[in-house]
Amino acid sequence: MNIRRQSPLWVVAVLLFAGGWFAARSQNAAKMDGSRAMPGKNIPTFSNENIARMGYFYAGGKYAGEPGKEVMDGAMYTEVWVPKQIRSPYPIVFFHGAGQTGVDWRQTPDGRPGWAYYLIDRGYVLYMVDYPARGRSAYVPGLDGKPSIDGGLTIRTAPNLMEIWTDVKEKSNYFLKDNHTQWPGTGKMGDPIFDNFAKTQVQFLGGADNKAGELNREAGAALLDMIGTPVILLTHSMGGGVGWEVANERPNLVKSVVTVEPGGGIERLHLKYDPPVNDPAEIKTYKEEKAERPGENVCNLQVAPVHKLVQWQSMRILDISGNGGYHRAGDSCTPKWLNQAGVKTDFVRLEDVGISGNGHEMFFEKNSDVIIKFVDDWMQKNVK
């Protein structure tokens with residue numbers, strides 16, 4: 001007969017204690033390992049607590065090239081963020097400036113959350129792009145322009161960035177240069193903030209021997225078709241021209257345009273006017289007798305009878321300009337052209353609403369949250 005031997009109680013107690021001790025030690029080790037894996041303060045991270053969903057996709061694009069050697073050309077990388085609580089029926093589509101990408105809207109060079117985080121907290125669905133042949137969108141040699149520093153694919157030098165955007169007081173001769181006080185850091189090479197900024201500047205299509213305008217227009221229109229509901233375009237610099245052309249292609253899908261110091265030359269774009277014109281050169285213009293304010297350019301306006309941008313009559317436009325950079329000189333001309341063409345456009349010199357010291361890259365500057373709050377307040381009031 002087999003008799004099961006019973007373990008003494010003290011043996012059971014020791015085993016239970018040992019098991020608990022090893023379990024606690026394993027948990028503590030896991031916690032210690034997790035702490036070591038956490039990014040340090042030198043690597044900026046932000047809470048995504050108000051983002052419900054995020055993803056990416058490519059808008060537009062088509063096969064091009066010789067038979068048997070086709071490549072995908074013109075596709076535009078797009079990120080989408082969806083807030084936990086959608087408060088606006090109109091998504092925001094960002095169009096960035098030359099030499100830049102969609103990362104502009106995510107983070108400032110000094111490690112603060114960018115405009116995208118402010119707007120996601122306010123309940124907007126957001127779309128952020130890299131133009132074709134830029135950033136995360138493929139550049140196709142031979143199709144998209146010549147890879148030359150003189151034209152085609154090019155990139156800005158660090159001294160050029162300092163002169164036009166970051167170290168304006170010392171490096172430039174702009175008439176408002178002494179007003180530029182909002183750039184974080186020194187704005188010079190070797191300053192960590194400037195170096196972070198310089199790393200975000202990428203190659204872009206420049207010169208007359210490329211098809212950047214065509215690529216951006218087609219991809220932008222394709223993006224709006226994919227979204228399928230009216231949007232707010234938020235554009236900057238070169239993105240201003242992209243926004244006007246996309247709005248021209250898809251007027252029923254653009255509710256409003258908010259533009260930050262848009263690139264000049266709207267009068268040279270092939271837009272749909274009434275009476276119609278085959279070429280913008282057909283529009284007769286005259287120069288104003290004097291500029292509205294000292295240091296600003298005189299503007300070209302239409303000779304009567306005025307050609308109207310009839311497709312844009314229901315759009316509301318906000319055009320903002322800082323008082324610390326070169327772009328102010330010509331910034332009043334685009335809104336004057338738009339208003340004369342029947343498009344209700346608010347032109348705001350930021351110092352007139354108590355926001356001062358900003359240059360062309362104002363979404364990176366120290367008071368960037370103050371500026372995007374002003375923009376959001378305007379949208380809440382005017383885009384209904």
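Derivation of every value follows stated rules applied to the coordinates shown; laboratory data play no part. Being a predicted model, the structure only gives us computed values, none of them experimental. For neighbour counting, all protein chains shown are included, and Cβ atoms are generated from backbone atoms with ideal geometry for every residue, glycine included.
For a straight C-alpha distance cut-off of 18 angstrom, the aspartates and glutamates reachable from K287 (same-chain residues fewer than eight places away being disregarded) are E267, E296, D331. Taking E361, E214, E288 as the candidate residues, the one with maximal mean-square fluctuation in a Gaussian network model of the chain, Cα springs under 10 Å, is E288.
Using DSSP, restrict attention to beta bridges with both residues in segment 51-382 and report what percent are antiparallel, rounded to the nearest 5. Within segment 51-382, antiparallel bridges account for around 55 percent of the total. Between D195 and D178, the distance separating the two model label sites (each 7 Å from Cα on the Cα→Cβ line) works out to 3.3 nm. Paramagnetic label reach from D352 (point 7 Å along Cα→Cβ; backbone nitrogen cut-off under 17 Å): within segment 232-264, residues 258-262.
Evaluating 6.51 cos²θ - 1.76 cosθ + 1.60 at θ = phi - 60° for every residue in segment 224-230, the Karplus couplings come out as 5, 4, 5, 5, x, 9, x Hz, glycine and proline recorded as x. Among R106, R293, R36, the largest mean-square fluctuation in a Gaussian network model of the chain, built with springs joining Cα atoms closer than 10 Å, belongs to R36. Remark: segment 76-140 projects, on average over all directions, an area of 4.6 nm² (convex hull of Cα atoms). Put +1 on the Cβ of every Lys and Arg and -1 on every Asp and Glu Cβ in segment 51-382; which of T259, G99, I120 then has its Cα farthest towards the positive end of the dipole? Ranked along the dipole, the leading option is I120. Note on S314 and K41: their simple-model spin labels are 5.3 nm apart, each label 7 Å out from Cα toward Cβ.
Note on the chain: GNM, Cα springs under 10 Å; of E66, E163, E79, the largest mean-square fluctuation is that of E66. Between V298 and E66, the modelled labels are 5.5 nm apart [label points 7 Å from Cα along Cα→Cβ].
Inverting the pair-averaged 1/r between distinct Cα atoms of segment 225-342 gives 14.9 Å as its Kirkwood hydrodynamic radius. Checking the table K290/K336; K211/K344; K255/K284; K84/K199 against a 21 Å threshold on Cα-Cα, which pairs fail? Too far apart for the 21 Å limit: K211/K344; K255/K284; K84/K199. Cβ crowding within 10 Å ranks E170, E289 as E289, E170, fewest other Cβ atoms first. Just check segment 51-382 against the gyration tensor rule for me: Cα atoms, a ≥ b ≥ c as the square roots of the eigenvalues, rounded for a/c under 1.5, and otherwise prolate or oblate depending on whether a/b exceeds b/c. Since a/c stays below 1.5, the shape of segment 51-382 is classed as rounded.
Cβ crowding within 10 Å, taken as a proxy for footprinting-reagent exposure, orders E351, E282 from fewest neighbours to most as E282, E351.
Per residue, the average separation of C-alpha pairs within less than 8 Å and at least 6 apart gives segment 51-382 a relative contact order of 17 percent. The C-alpha atoms of the chain define a longest principal axis, and helix 9-37 lies at about 20 degrees to it. Restricting the trypsin sites (Lys or Arg not before Pro) of segment 281-326 to loop positions (DSSP other than H, G, I, E, B) with no more than 14 neighbouring Cβ atoms within 10 Å leaves K284, K290.
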